[in-house]
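Enquirer: Sharing a structure, written as structure tokens. Questions coming.
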């Protein structure tokens, strides 16, 4: 019986074809020329009779390096498929280290009817594994060959495209023409050698109307020895199928030829499929053409890994390509903060300020990102973009950013900036409002006085905004200011007079100015009178000062304060009397103005009133009292004022204590040092530090006790300061005490410092 059973017109052909197509579909697509087969016997019907046919299956688990293992696994698989037929059959291999020389099929004697079937399966299977000598003693004495076997092998007739790339399918025929066939082995061999007839036959599939055929042939080009491959691929760059265009690009990427880059560039420029366009970019990049690399990084922005996206952003930024801007802008809304920050910084780096300026209005972006862009625009943008950034910061920026924007606007003074600053007066943060007011004042625009005065939300606001308005008015020409002093609005008139006073301070104004101001001293409006006194008090004219000092009995404290200010810049007994009398005024403002003047003039006649005022309840007043009194003390005079100074030393205000402590350090008496030593346990750390510094500065032996007490403070800062004080004092008498401290101290760092202090004193 013949070994092969060709496909014939028989009644079992449809069944057989269906069966074989099912079993061979995977193998036919996956096979290459050397893939071994597992030949399995299958029952089919022919003319009402059941016959056995061997059908090959691809062995995907074949390991060429372990041929013997593959042979035994194949035998086990066959036996598992037909356990009854195989019975107790076994397989014996005659193998070397590298290959199997021969194999023996030990058939089960009790299954004689199945010997041919079993032997056929094993023979064809082992043959496909490369084993050439196969014996079956119970079947025949000589080695088996196809003629000794009766079970036929199904022969598959396959079209050319199904055997591409060139591969071997055992038991297969290839139709060339009507009634003309060659084996697949022959087909693969001749095609590999470049047989023109077969090459043309194979490549004709590139023009097939069937997409799968075109794709199969295209993928096989690398395995076909065909001339002018690239020219055959070029037309497929315009194929209707994106899959085929992608495959064509893949093949061209590794080919040589000057025209290839131009063709691929054409795909980048013209193809409408993003995937195809990207594939062409990648191919060009691999070929050393970096012109389109930016598209690769843009594609990477869609990667699920935020690290990959961040790296792509860095490369896009480094490319400095204009097309990078819009993709980076889209990344500003990425879910990962690291990506958003990278995109934000990238847009700044490439200078895409038109995009960042647009982003300011995008409410979907977080305020931090938009503020970042606004700051960059304010610093680096064109004039228009700079102004846009500054205005955004004024309206939406953080407190610090808004304040900085007011200062920048004040320095460059763009026309549109003034209106934005006026609008900023309505923000909630006081410091922003005050900074805006200061900036507005730099414009010196009298039209902004009214909105400044109207923007006050609190008394503090009003004071700040009035100060800005005064600055604006003071910068106006004298005629303008005088005109404002006649304004119907009482506030404007008042501020105009204050502004005039500020502008004339230290200089003699024209007589008409003095006349106008003096006329306002009797104005029915208290604010006007105060402003007039304020202005006149700052004019260095004895006659003007005398008129102001005359107001020292005025019911209004601000006017009395102005009188004190006038007296402060006037010489003579009258002025001194006013200053001393002012120490008894019920207004703290009047008291403070007098104390400042007394300290400056070192008015000796004020010594006793100052002693009395030293017990006053207001801390700010007492601080000024102490400064004024200490200004009166001459060298060596402190001991005579010991009792008064002692009362100040134990004042409830730490600041007053700190002011008096240095004075006590100058008193070279033990009682003074004892008083100072008592303050090393003061609740205020600042007071304790001041005392330690004062004791150390004396150089006196009696100062040691106070510094030693400070060593035991709970605050390490105080303790360390006390050690430094002992070093500065430089008295060896402190060494025994330090020895005890070192012996008992548990803090290793402080013990080390104490040791260093001891060693220093020993070295003196």
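Only the coordinates and a few stated rules stand behind these numbers; no lab work does. What you see is a predicted model, and the numbers here were worked out from it, not measured in a lab. Every residue, glycine among them, receives a Cβ derived from its backbone with ideal geometry; neighbour counts consider all protein chains shown.
Enquirer: Taking the Cα centre of each part, how many Å lie between region 428-466 and region 506-542?
Expert: Here the two parts' Cα centres lie 25 Å apart.
Enquirer: Using the basic label-point model (7 angstrom from Cα toward the beta carbon), what is the residue 601 to residue 311 distance in nanometres?
Expert: Calculated label separation equals 8.1 nm.
Enquirer: Write down the radius of gyration of region 619-729 and its Dmax, each obtained from C-alpha positions, in Å.
Expert: 13.4, 38
Enquirer: Mean 1/r over all different Cα pairs, inverted: what Kirkwood radius does region 671-763 give, in Å? Please report the intermediate quantities before stating the final value.
Expert: On the way: mean 1/r = 0.0777 Å⁻¹.
One decimal place: 12.9 Å for the Kirkwood radius.
Enquirer: What angle, in degrees between 0 and 90 and rounded to the nearest 10, separates the Cα long axis of helix 415-424 from the longest principal axis of the Cα atoms of the chain?
Expert: 80
Enquirer: When the Kirkwood radius is taken over all Cα pairs of region 271-374, what Stokes-Einstein diffusion coefficient follows at 25 °C and 0.890 mPa s, in µm²/s? Kindly include the intermediate steps, with their values, before the conclusion.
Expert: Details: Rh = 14.2 Å.
In µm²/s, the coefficient rounds to 173.
Enquirer: Distance from a point 7 Å along Cα→Cβ of residue 519 to each backbone N in region 528-556: keep the residues under 15 Å and list them by number.
Expert: 529, 532, by backbone N distance to the label point.
Enquirer: Between residue 148 and residue 195, what's the calculated FRET efficiency when r is the beta-carbon distance and R0 is 45 Å? Round to 0.05. Write down the numbers at each step before the final one.
Expert: Values: r = 34 Å, r/R0 = 0.76.
Given R0 = 45 Å and the Cβ-Cβ separation, E is 0.85.
Enquirer: Starting from the Cα-Cα distance between residue 323 and residue 349, subtract it from 0.36 nm times their residue separation and give me the gain in nm to one decimal.
Expert: Details: separation 26, 0.36 × 26 = 9.36 nm, distance 1.41 nm.
Contour length minus Cα-Cα distance gives 7.9 nm.
Enquirer: Could you calculate, for region 502-647, the ratio of the Cα radius of gyration to the Kirkwood radius, expressed as Rg to Rh?
Expert: Working: Rg = 16.6 Å, Rh = 16.0 Å.
Ratio of gyration radius to Kirkwood radius: 1.04.
Enquirer: Just the number: Rg to Rh for region 444-570, Cα atoms, Kirkwood Rh, two decimals. Don't skip to the end; give the middle numbers.
Expert: Details: Rg = 13.9 Å, Rh = 14.5 Å.
Radius of gyration relative to Kirkwood radius: 0.96.
Enquirer: Cα extents of region 410-495 along the three principal axes, largest first, in whole Å?
Expert: Each principal axis gives a Cα extent; for region 410-495 these are 34, 30, 15 Å.
Enquirer: Show log10 I(q)/I(0) for region 204-264 at q = 0.14, 0.21 Å⁻¹, two decimals, from a solvent-free Debye sum over equal Cα scatterers.
Expert: Normalising to I(0) and taking log10 leaves -0.34, -0.77.
Enquirer: What whole-number distance in Å separates the alpha-carbon centres of region 271-319 and region 606-626?
Expert: 79
Enquirer: For the chain, what does the helix formula give at 222 nm: sum of -39500 (n - 2.57) over DSSP H segments with n ≥ 4, over the residue count, nearest 500 deg cm²/dmol? Mind showing how you got there, number by number?
Expert: Values: 41 runs with 454 residues, N = 764.
Result for the chain, helices only: -18000 deg cm²/dmol.
Enquirer: Working out 0.36 nm times the residue gap between residue 669 and residue 330, then minus their Cα-Cα distance, what length gain in nm do you get to one decimal? All intermediate terms of the calculation are to be shown ahead of the outcome.
Expert: Details: separation 339, 0.36 × 339 = 122.04 nm, distance 7.85 nm.
So the chain would gain 114.2 nm between residue 669 and residue 330.
Enquirer: Next question. Could you please rank 681, 134, placing first whichever residue has the fewest other Cβ atoms within 10 Å of its Cβ?
Expert: Values: 681 14, 134 21.
Going from least to most buried by this count: 681, 134.
Enquirer: From the C-alpha gyration tensor of region 200-328, pull out the three semi-axes of the equivalent ellipsoid (sqrt of 5λ each), sorted largest to smallest, in whole Å. Walk me through the numbers before you get to the answer.
Expert: Values: eigenvalues 203, 43, 28 Å².
Taking √(5λ) for each eigenvalue gives 32, 15, 12 Å, largest first.
Enquirer: Same structure again: To the nearest Å, what is the center-to-center distance of region 555-591 and region 662-701, using C-alpha atoms only?
Expert: Going from one Cα centre to the other spans 36 Å.
Enquirer: OK, next. How would you order 197-203, 311-317 from highest to lowest mean count of nearby Cβ atoms within 10 Å? It would help to have the intermediate numbers written out before the result.
Expert: Details: 197-203: 17.4, 311-317: 20.6.
Put in order of decreasing packing, that is 311-317, 197-203.
Enquirer: Principal axes first, then extents: for the Cα atoms of the chain, list largest minus smallest coordinate on each axis, whole Å, largest first.
Expert: Cα spread of the chain along its principal axes, largest to smallest: 150, 79, 47 Å.
Enquirer: Next up: Normalised by the residues of region 671-763, what does the relative contact order come to in percent, with Cα pairs under 8 Å and at least six apart?
Expert: Numbers: 112 pairs, mean separation 22.0, N = 93.
Computed over region 671-763, the figure is 24 percent.
Enquirer: Turning to a different aspect of this structure: Evaluate E = 1/(1 + (r/R0)^6) for residue 655 and residue 457, where r is the Cβ-Cβ distance and R0 equals 35 Å; express this FRET efficiency to the nearest 0.05. Let's see the in-between values first.
Expert: Working: r = 32 Å, r/R0 = 0.91.
Efficiency, rounded to the nearest 0.05: 0.65.
Enquirer: Continuing with the same structure: What is the ratio of the Cα radius of gyration of region 65-141 to 2.2 N^0.38 Å, where N is its residue count, to two decimals?
Expert: 1.03
Enquirer: Sticking with this one: What is the spin-label model distance, in nm, from residue 254 to residue 684 if the labels are put 7 Å beyond Cα along the C-beta direction?
Expert: The answer from the label model is 8.6 nm.
Enquirer: Using Cα-Cα distances under 8 Å and only pairs 6 or more residues apart, what relative contact order does the chain have, in percent? The partial results should precede the final answer.
Expert: Working: 1089 pairs, mean separation 29.6, N = 764.
The value is 4 percent.
Enquirer: With each pseudo-label sitting 7 Å past Cα toward Cβ, what's the residue 98-residue 52 distance in nm, one decimal?
Expert: Reported label-point gap for residue 98 and residue 52 is 3.6 nm.
Enquirer: Right, another one. Using Cβ counts within 10 Å as a stand-in for footprinting exposure, how do 497, 675 rank, fewest first?
Expert: Values: 497 31, 675 20.
The most exposed by this proxy come first: 675, 497.
Enquirer: If R₀ is 35 angstrom, what is the calculated FRET efficiency for the pair residue 411 and residue 363, using the beta carbon separation as r and rounding to 0.05? Each step should come with its number before you reach the end.
Expert: Details: r = 30 Å, r/R0 = 0.87.
The pair residue 411/residue 363 has a calculated efficiency of 0.70.
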